[in-house]
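Report on the following structure.
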Amino acid sequence: MERVHNSAPTAASRVLVVSTGAGWTDRLAEQLPAGEVMVLVTDSSAEALLAARNLQPRIILLDGDLRGDDGVQVCGRMRTVSDAHITMLTGRNDEATTIAGLAAGADDVLAKPFTVHEIAARIRAVRRRVLPPATAYAVRPYSENAPGRQEFGWLSVDLARREVFVADEQIRLTRTEFEILATLAQRPGAVTTLQQMLDAVWGPRWAGSTAKLHVHIGNLRRKLGDNPARPLLVLNVRGIGYRLAV
């Protein structure tokens, strides 16, 4: 395990990079706030799993093209030990790869080639949501004074504790899936537009398409036991957005 950047050893400051021959990590560290972010680098999936479990980094950059490993499977194993924001890096720019990565637990899938500036910008965006400055413009996914456990049929959501239960069984969601659900839970029965959801989950300056949002919604439905073909909980309002059934 190589440490590229020294900083305060808080979980929110740690970025774990899992990549073969990641020579770009030195340049990445230079793009991040000096003294605030610790970049840890490894090319071993076994070592990465230990670091994800024991060090609890806030952000994980996972190369889906690791030698000798299936990146999607590694992502799935990472998700069982960490609630970090996982971005999977892949050399395949196709829908099947994106869907497989998101289904395995990734919060984002980024196709190569990418620039160090782009990666650094994504890290800064995630850190704004985790540790927003006093002047942050990002829309919070839910109020810091959110009520306790809310009931929606067989679904229970505790926004303050970030816990989700289906028929009293706790369900593990990715960070992005939880923030989508939390955004909807604030306005049960009311429609949240696609743009409002993008702003709440990724920030108002995010320039991506709604396609990833729809994929995350599909994954969320499956984990909640909501039939994606005929959903009863997370309902689609065609052309407008989504609402959480009351």
Taking every pair of Cα atoms in segment 149-244, average 1/r, invert it to obtain the Kirkwood radius, and report Rg/Rh to two decimals.
0.93
Please order SER209, SER156 by the number of other Cβ within 10 Å, starting at the fewest.
SER209, SER156
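Using a/c under 1.5 as the rounded threshold, could you call segment 46-86 rounded, prolate or oblate? The axes a ≥ b ≥ c are square roots of the C-alpha gyration tensor eigenvalues, and prolate needs a/b larger than b/c, oblate otherwise.
prolate
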Cα gyration tensor, segment 72-120 - rounded (a/c under 1.5), prolate or oblate:
oblate
Defining a contact as two alpha carbons under 8 Å apart and six or more residues distant in sequence, what relative contact order in percent does segment 149-244 show?
27
For segment 2-130, the Cα-Cα pair-distance distribution in 10 Å bins from 0, as whole percents, is 13, 50, 33, 3
I want the local charge near THR97. Using Cβ-Cβ distances under 14 Å, sum +1 for each Lys or Arg and -1 for each Asp or Glu among the other residues.
-3
Charge sum, other residues only, whose C-beta stays under 10 Å from ALA120's C-beta, Lys/Arg counted +1 and Asp/Glu -1
+1
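A short reminder: the numbers here are calculations on the coordinates, not readings from a lab. Everything quoted here is computed from the prediction, not taken from an experiment. Don't worry about glycine lacking a Cβ; one is built from the backbone with ideal geometry, like all the others, and counts go over all protein chains shown.
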